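**Q** Structure provided below as structure tokens; questions to follow.
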Amino acid sequence: MPPKFEKPQVPGMIKGLGVTFKEMVNTLKPDSKGGGPVTVSYPREREEPAPRARGVIALYEENCTACMLCSRECPDWCIYIEAHKYLAPPRREGGKPRAKNALDRFSIDFSLCMYCGICVEVCPFEALYWSPEYEFSEFNIKDLLHDKERLGEWFETVPAFEPYEAGSEQKVKKVPG
Amino acid sequence: MTALSDREQLTSLANQAADSRVNLEFETEGMTLNMGPQHPATHGTLRILVKLDGEQVISADPMPGYMHRGYEKLCEVRTYPQVTTLVNRIDWLGSFANEVPWILAAEKLMGIEAPPRAQYIRTILFELSRMANVSLFLGDLGIQLGGITVGFYAFRDREHVLNQIEAVTGGRFHPNFDRIGGLKDDLPKGWIAETKKAMEKMRAFCDEVEDLLFGNEIFQKRTRGIGLIPPHVAQSYGLSGANIRGSGVDWDLRRDACPPGLVYDKADWKVWTHPDCDSFSRSWIRLQETREATKIVDQLLDSIPSGPIMAKVPRIIKVPEGEAYVATENPLGEMGYYLVSKGDLNPFRVKIRSASFNNVSIVPWVCKGVYVPDVITILASLYFILGDIDR
């Protein structure tokens, strides 16, 4: 049986007004106990999202081998990859020329993207990263198709991976470059 | 239980009166009122066709389907890891809780069990999403009854929980963090201490709501004795979650049938029930559940074991042939996935049993004979989310 709901001594409405008054006083001045306003006036101030926040996908082009895994695993198939093969000069003298893939096109359509992070997770060569940037809205929906140059620009905003909590056996990954 | 049977008799009498009601004095016909699809009391696009006689409701007919997105069919053309990100969107306020039964069903078929550390973190995130969901309910309840302040407080304090979810999963609303055989990533440094602070704030929020809303005489007048659902009716309509516990049925899947993969038995907590069966009791149960959830999280945070977070799982996930049904106690009630696999990359058939669909099915029964403003209270206290009804 739950405890019987006792009739409050103070009338409930006055008690409620006390709560709102306390909150009003609390939000007037910032203090160490979490007082002050709870909102920020956005265009002038910005809230920093957590480093893991999934804001926008960044591409580190050098690592990409055009294996198409991200494009296949994407739940709504919004990654477009085109590539061609070429023969790179051999590493050592007298060796064979190496066949390599060069990216022609790597575009993510952010108007379709669900920000699920599967592409970043499945990438075996660590070419894709999450950046917590979120200010890339556009007036035209076509401009949300970010090509590889634009995705490469996002790479500069990728934060370093955080260390893990005690008791974890995961290895902290590193952002290249 | 004598008081209850009296009330039951009264309710049935009121229902009979509403059924046989003919306004002889004026010989007026009933009025048909469309609540929705955009009525603010419906949390989305539920349409309720209400037939009125004066101020009294003769019949209320919910018409779901305006937000049907066909998840059961979408799941059939996606691989198992891809489905996780889809089912996030079913109950969008407590989205991590949607992933868990799906993953557990797939794990059951594959015969995998997540490592203990992953199970603990999974349970903690499950309870965090419950808090994010139910705290918004408490604010929303105030908004429906004309007290907007509670709504603002709820949005403010839900942010503490959402920040914790974002810090570990990367998404505020759509975590997509649960994986077959474990979790995507481990906790970042300093998360446990931050979460404990957030739990303190949530407890303070619960006290605030109790003072501001539940002690308020107007709120009590508008919810007590309104929307009575006797236990046997609640059971026969398949209500679950706080709605059935608000009818005095002591039934909680977390305690009674916790599927392997969640560690509710490791924490000391209580299932609250309330014998009053009205809107107030359902809301009060949810307030107590938020408090219990903070307790569960606090206890589990203290005892997270160390170790890996991922079991050995093949890189390409193929679930062996078979069928499985796994249900968990989600913020809204029992949510389960019936998964049929033919051994492919994709599931052969998925049936989603979501709580809100059953919870809203009682609206025609419970709204019969009540007054129009009470419809809002009853809908708010039943607490459904449209994505959860229509899927």
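The values are calculated or read from the model by the stated rules, or taken from the named source; none is laboratory data. Since we're looking at a predicted model, the values are computed, not measured. Note: ideal-geometry Cβ built from the backbone for every residue, glycine included; neighbour counts use all protein chains shown. Areas reflect the complete protein model, heavy atoms only, side chains present, ligands, DNA and RNA absent. Shrake-Rupley method; radii C 1.70, N 1.55, O 1.52, S 1.80 Å.
Yes/no per residue for (1) open to solvent by 10 Å² or more (accessible area, probe 1.4 Å); (2) over 20 Å from the mean Cα position of the chain (by Cα); (3) not aromatic (Phe, Trp, Tyr):
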| residue | (1), (2), (3) |
| --- | --- |
| B:Leu128 | no, no, yes |
| B:Ser135 | no, no, yes |
| B:Leu138 | no, no, yes |
| B:Gly151 | no, no, yes |
| B:Phe155 | yes, no, no |
| B:Glu194 | yes, yes, yes |
| B:Met202 | no, no, yes |
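**Q** Would you mind telling me which numbered condition in (1) surrounded by fewer than 20 Cβ atoms within 10 Å (Cβ to Cβ); (2) more than 27 Å from A:Thr20 (Cβ to Cβ); (3) at the interface with another protein chain (Cβ under 7 Å from one of its Cβ atoms); (4) of a type in the set (Asp, Glu) B:Glu217 fails?
**A** (2)
**Q** Could I ask something else about it? Of the conditions (1) more than 10 Å from chain A (Cβ to nearest Cβ); (2) among the β-branched types (Val, Ile, Thr); (3) open to solvent by 10 Å² or more (accessible area, probe 1.4 Å); (4) within 30 Å of A:Val122 (Cα to Cα), B:Ile226 fails just one. Which one is it?
**A** For B:Ile226, the failing item is (4).
**Q** For a quick check of your reading: which helices (runs of 4 or more DSSP H) sit entirely within region B:64-116 and have at least 1 residues that are on the phi < 0 side of the Ramachandran plot and surrounded by fewer than 18 Cβ atoms within 10 Å (Cβ to Cβ)? Can you show your working first?
**A** On the way: elements: B:71-76, B:80-87, B:95-110.
Hits in region B:64-116: B:71-76.
**Q** Does at least one position in region A:20-33 carry a residue that is more than 34 Å from the chain's Cα centre (by Cα), within 25 Å of B:Glu200 (Cβ to Cβ), at pLDDT 80 or above and surrounded by 13 or more Cβ atoms within 10 Å (Cβ to Cβ)?
**A** We begin by selecting, within region A:20-33, every residue more than 34 Å from the chain's Cα centre (by Cα); these are A:20-22, A:24-25.
Going one step further and asking which of them are within 25 Å of B:Glu200 (Cβ to Cβ), we end up with A:20-22, A:24-25.
Next cut, at pLDDT 80 or above only: A:20-22, A:24-25.
Now restrict to residues that are surrounded by 13 or more Cβ atoms within 10 Å (Cβ to Cβ): A:20.
Yes, region A:20-33 contains a residue that is more than 34 Å from the chain's Cα centre (by Cα), within 25 Å of B:Glu200 (Cβ to Cβ), at pLDDT 80 or above and surrounded by 13 or more Cβ atoms within 10 Å (Cβ to Cβ).
**Q** Could you list, in sequence order, all residues of region A:108-135 that are charged (D, E, K, R), free of Cβ contacts under 8 Å to residues at least 60 places away in the same chain and under 19 Å from B:Arg172 (Cα atoms)? Walk me through it before giving the result.
**A** Let us first name the residues in region A:108-135 that are charged (D, E, K, R), namely A:109, A:121, A:126, A:133, A:135.
So of that shortlist, the ones also free of Cβ contacts under 8 Å to residues at least 60 places away in the same chain come out as A:109, A:121, A:135.
The answer is A:Glu121, A:Glu135.
**Q** Let me ask something else about it. Of the conditions (1) assigned to a helix (DSSP H, G or I); (2) within 30 Å of B:Arg224 (Cα to Cα); (3) among the charged types (D, E, K, R), A:Arg72 clears all except one; give me its number.
**A** (2)
**Q** Right, here's the next one. Only one of (1) hydrophobic (A, V, I, L, M, F, W, C); (2) within 14 Å of chain A (Cβ to nearest Cβ); (3) surrounded by 24 or more Cβ atoms within 10 Å (Cβ to Cβ); (4) within 17 Å of the chain's Cα centre (by Cα) is not met by B:Phe173, so which one is it?
**A** (3)
**Q** Only residues in region A:11-31 that are under 13 Å from B:Phe214 (Cα atoms) and within 7 Å of chain B (Cβ to nearest Cβ) count as the first member; pair them with residues that are part of a helix (DSSP H, G or I) and of a type in the set (Ser, Thr, Tyr), Cβ under 9 angstrom, at least 6 apart or cross-chain, and list the lot.
**A** If the second residue must be part of a helix (DSSP H, G or I) and of a type in the set (Ser, Thr, Tyr), the pairs left are A:Gly16/B:Thr149; A:Val19/B:Thr149; A:Val19/B:Tyr153.
**Q** I want to confirm something. Restricting to region A:114-162 and keeping residues that are under 25 Å from B:Gly182 (Cα atoms), open to solvent by 70 Å² or more (accessible area, probe 1.4 Å) and part of a loop (DSSP other than H, G, I, E, B), which single residue is nearest to the other protein chains (Cβ to nearest Cβ)?
**A** A:Phe161
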